[in-house]
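Q: Right, I'll just put the structure down here and ask away after.
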Amino acid sequence: MEEYKKAILEYVIKEYMEDDEDEEITYDTELISGGIVDSFSMVSLKRFLENKYDIQIPDADASPEAFDSVDKIAALVDRFKQA
Amino acid sequence: MAYSNDVRDGFSKELDGIREAGLFKEERWIKSPQAADIEVEFPAGAEGKKVINFCANNYLGLSNHPDVVEAARIGLGTRGYGLSSVRFICGTQDIHGHLEHRLTEFLGTEDTLLFPSCMDANAGVFEALLGDQDIMIADRLVHASIVDGMRLCKAMRDTYKHSNMEHLEEKLRDHQDKRIRLIITDGVFSMDGDLAKLDEIVALAEKYDAMVFVDDSHASGFIGKTGRGTHEHCGVLGQIDIITTTLGKALGGASGGCVSGRKELVELCRQRARPYLFSNTVAPVIVSGAIKVLDLVSATTERRDKLEWNTKFWRDGLEKMGLDIKAGDSPIVPVMLYNAKLAQDMARDLYEEGIYVVGFFFPVVAKGQARIRTQLSAAHDQHHLEKGLEAFAKVADKYGILGKSKKEIKEIFGL
């Protein structure tokens, strides 16, 4: 799980943070409700997870709630890896 | 379901929630035509107050130009008040065709189709042109109407960091398997006032076989040497596949918008774009006024030149007094305050000083990016600008932010 979190956090920072951003992102930072990731930009996050972990996340599971923090995303990845 | 007390309470609570979050929007009644000097009744029932307007999109000062008003009056007399029809049934007059032709010439495109607004143009254009084999790649700061239009379209969506060409290139590379790649951007970004790097975007589109869409609503009429828009400023006239823009800002300020660009794409919008097909034609009075606006902006660059001078004077003045503004050349000049309450408080105090501006904060802009957005107009004379600068200096001094950096403002007021 920790490995997932590390990789996801790294991707989120690279993909969504501006270079001059001074906000710090941690595993429990609210990504969607905190306005860091918008619903359109979730698409690239979903594609990243599917490619990196060789999983398929149905749209119904890729909800803003499920993607709202690195912790939650890692739990989602874990669930699909176990399935 | 009857509108029971329970249902009423439910909606009332939603409104309370908006108020508690500090997001409740109140209209201010203006009792004069749109201009640099306006009379405002606020709060409702209060005596009218004379203020200088620094928040209109009246960039060229044409919203109440006597020639435009007269042309609208003539249109009203010769073509009537309304047409009671959508365009394709019996809502197209000769003047609609003339205006579309004039817009095509002005924007340097192949064809143009009028919409009731640019919001409608953006709502209809993507769905009319793209399908599920295609990809829309949008700048992350595009206008809300584009976001809505993209939602209505079946094509896949992706975004790139604001004006970040490396990130856009990465996305274009990622999506080479799609049938059509459409890069989507504003020409001038409405909240930051910066210009899209259209020359670089067009070069990337060439390299990665993509099309380019630009919403030039905050540019048409005044950006570029002859005011044709961001594509003129960036030296890519004739190379933008789809431009949407509005008649509701610099170009007269009434209402109406358009899709302009490659003739096949415009024709497809005429056949399929739902806001065009299912909403009423643009009223003759507006069409006649807009044709006159194009006469005026095509005859001389005097107004856009004055706007350019005003913009420089205003930006220099704010910078010299030590306010933190977003860099750029456009007449949208955001004064960065970062803290939402500070933005609201300062806007309120400026209004008391006779300066009408509005504070913007999350969710309209990103968290921690609250600001007062000021907008210049060719209708402003130097004395308007001087009074505005004087008021900003007084109010900013009251809050102790003159000469303070972003970090210092954040330390004093938090986010």
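Q: Compute the semi-axes of the equivalent ellipsoid of segment B:1-156, taking the square root of 5 times each eigenvalue of the Cα gyration tensor, and list them largest first in whole Å.
A: After scaling each eigenvalue by five and taking roots: 33, 30, 19 Å.
Q: Report, to the nearest whole %, how much of the accessible area of segment B:66-299 belongs to carbon and sulfur atoms, 1.4 Å probe, protein only.
A: 52
Q: Let me ask you something else. Could you work out how much longer the chain between residue B:152 and residue B:7 gets when fully extended? Use 0.36 nm per residue separation minus the Cα distance between them, nm to one decimal.
A: Once the chain is fully extended between residue B:152 and residue B:7, it gains 49.2 nm.
Q: Then there's this: Once both labels are modelled 7 Å past Cα along the beta-carbon direction, what's the residue A:59-residue A:29 spacing in nm?
A: Result: 2.9 nm between the two label points.
Q: So if I place +1 on the C-beta of Lys and Arg and -1 on the C-beta of Asp and Glu, and nothing else carries charge, what would the dipole magnitude of segment A:2-82 be about its Cα centre? I want it in debye, nearest 20.
A: That gives segment A:2-82 a dipole magnitude of about 600 debye.
Q: Now a separate question. Over its Cα atoms, what ratio of radius of gyration to 2.2 N^0.38 Å does segment B:118-232 give?
A: Here the answer is 1.00, to two decimals.
Q: What value does segment B:172-312 have for Rg/Rh, both radii from Cα atoms and Rh as Kirkwood defines it?
A: Computed over Cα atoms, the ratio is 0.99.
Q: Step through the residues of segment B:174-179 one at a time and calculate ³J(HN,Hα) from phi using the Karplus curve (6.51 cos²θ - 1.76 cosθ + 1.60, θ = phi - 60°), rounding each to whole Hz and writing x for Gly and Pro.
A: With coefficients 6.51, -1.76 and 1.60, one gets 4, 10, 5, 7, 7, 5 Hz.
Q: Dipole magnitude of the protein assembly as shown about its Cα centre, charges +1 at Lys/Arg Cβ and -1 at Asp/Glu Cβ only, in debye to the nearest 20?
A: Using only the charged Cβ atoms, the result is roughly 1100 debye.
Q: Keeping every protein chain in place, order B:29, B:314 by accessible area at 1.4 Å, biggest value first, i.e. largest first.
A: B:29, B:314
Q: Once the Cβ-Cβ distance between residue B:15 and residue B:364 is put in as r, and R0 is 22 Å, what FRET efficiency do you end up with, to the nearest 0.05?
A: 0.75
Q: For residue B:18, what accessible surface area do you get with a 1.4 Å probe? Give it in Å², rounded to 10.
A: For residue B:18, solvent-accessible area is about 70 Å².
Q: Starting from one equal scatterer on each C-alpha and no solvent at all, send me the Debye-based log10 I(q)/I(0) for segment B:1-68 at q = 0.18, 0.24, 0.28 Å⁻¹, two decimals.
A: After summing over all Cα pairs, the log10 values are -0.80, -1.02, -1.15.
Q: Here's something else I'd like to know. Give me the net charge of residue A:69's neighbourhood, meaning all other residues with Cβ under 9 Å from the Cβ of residue A:69; Lys, Arg count +1, Asp, Glu -1.
A: Net charge in that neighbourhood comes out at -3.
Q: Same structure again: Can you pull the accessible area of residue B:174 for me, 1.4 Å probe, Å² to the nearest 10?
A: That residue has around 80 Å² of solvent-accessible surface.
Q: Am I reading the A/B interface right? What is its buried accessible area, both sides, 1.4 Å probe, to the nearest 100 Å²?
A: 1400
Q: Same structure again: Write out the GluC sites (Glu not before Pro) in segment B:1-91 meeting two conditions: DSSP loop, and at most 11 other Cβ atoms within 10 Å of their Cβ.
A: Hits after loop and neighbour filter: B:26, B:27, B:47.
Q: State the answer as a single residue: which of B:275, A:75, A:44 lies farthest towards the positive end of the charge dipole of the protein assembly as shown, with beta carbon charges of +1 for Lys and Arg and -1 for Asp and Glu, about the Cα centre.
A: Of B:275, A:75, A:44, it is B:275.
Q: Quick one: divide the alpha-carbon radius of gyration of the protein assembly as shown by 2.2 N^0.38 Å and tell me what you get.
A: The value comes to 1.03.
Q: Moving to a separate point now. Can you give me the P(r) profile for segment B:66-299? Cα pairs, bins 5 angstrom wide beginning at 0, each as a whole percent.
A: Once binned at 5 Å, the Cα pair distances of segment B:66-299 give 1, 7, 15, 20, 20, 16, 10, 6, 3, 1, 0, 0.
Q: Which residues, if any, in segment A:43-57 lose at least 40 square angstrom of accessible heavy-atom surface (probe 1.4 Å) when the other protein chains sit next to their chain rather than the chain being alone?
A: Output list: A:43, A:47.
Q: About the Cα centre, and with charges only on the beta carbon of Lys, Arg (+1) and Asp, Glu (-1), how big is the dipole of chain B? Nearest 20 debye, please.
A: Computed charge dipole of chain B: roughly 360 debye.
Q: How far is it, in nm, from the label point at residue B:74 to the one at residue B:397 when both lie 7 Å from their Cα along the line to the Cβ?
A: Spacing of the two 7 Å Cα→Cβ label points: 5.1 nm.
Q: Given the protein chains as shown and a 1.4 Å probe, how many square angstrom of residue B:387 are accessible, to the nearest 10?
A: 100
Q: Ignoring ligands, DNA and RNA, please state the percent of accessible area on chain A from carbon and sulfur, probe 1.4 Å.
A: Of the solvent-accessible surface of chain A, carbon and sulfur hold 46 percent.
Q: Expressed as a fraction of 2.2 N^0.38 Å, the rule-of-thumb size for a compact globular protein of N residues, what is the C-alpha radius of gyration of chain B?
A: Working it through for chain B, the quotient is 1.01.
Q: Is segment B:273-325 best put as rounded, prolate or oblate by its Cα gyration tensor, with a ≥ b ≥ c the root eigenvalues, rounded for a/c under 1.5, and otherwise prolate when a/b is larger than b/c, oblate when not?
A: Here segment B:273-325 falls in the oblate category.
Q: For segment B:164-207, what is the convex hull (Cα atoms) projected area averaged across all directions, in square nanometres?
A: Taking a quarter of the hull surface, the average projection is 3.3 nm².
Q: Find the percent of Cα-Cα distances in segment A:2-82 that exceed 16 Å, and round it to a whole number.
A: 44
Q: Measure off 7 Å from each Cα along the Cα-to-Cβ vector at residue B:226 and residue B:299, then give the distance between these two points in nanometres to one decimal.
A: Computed distance between label sites residue B:226 and residue B:299 equals 1.7 nm.
The values are calculated or read from the model by the stated rules, or taken from the named source; none is laboratory data. Small disclaimer: the values here were computed from a predicted structure and weren't measured. Cβ atoms come from the backbone with ideal geometry, glycine included; neighbour counts cover every protein chain shown. Keep in mind that these areas ignore ligands, DNA and RNA; they rest on the heavy atoms of the full protein, side chains included. Shrake-Rupley method; radii C 1.70, N 1.55, O 1.52, S 1.80 Å.
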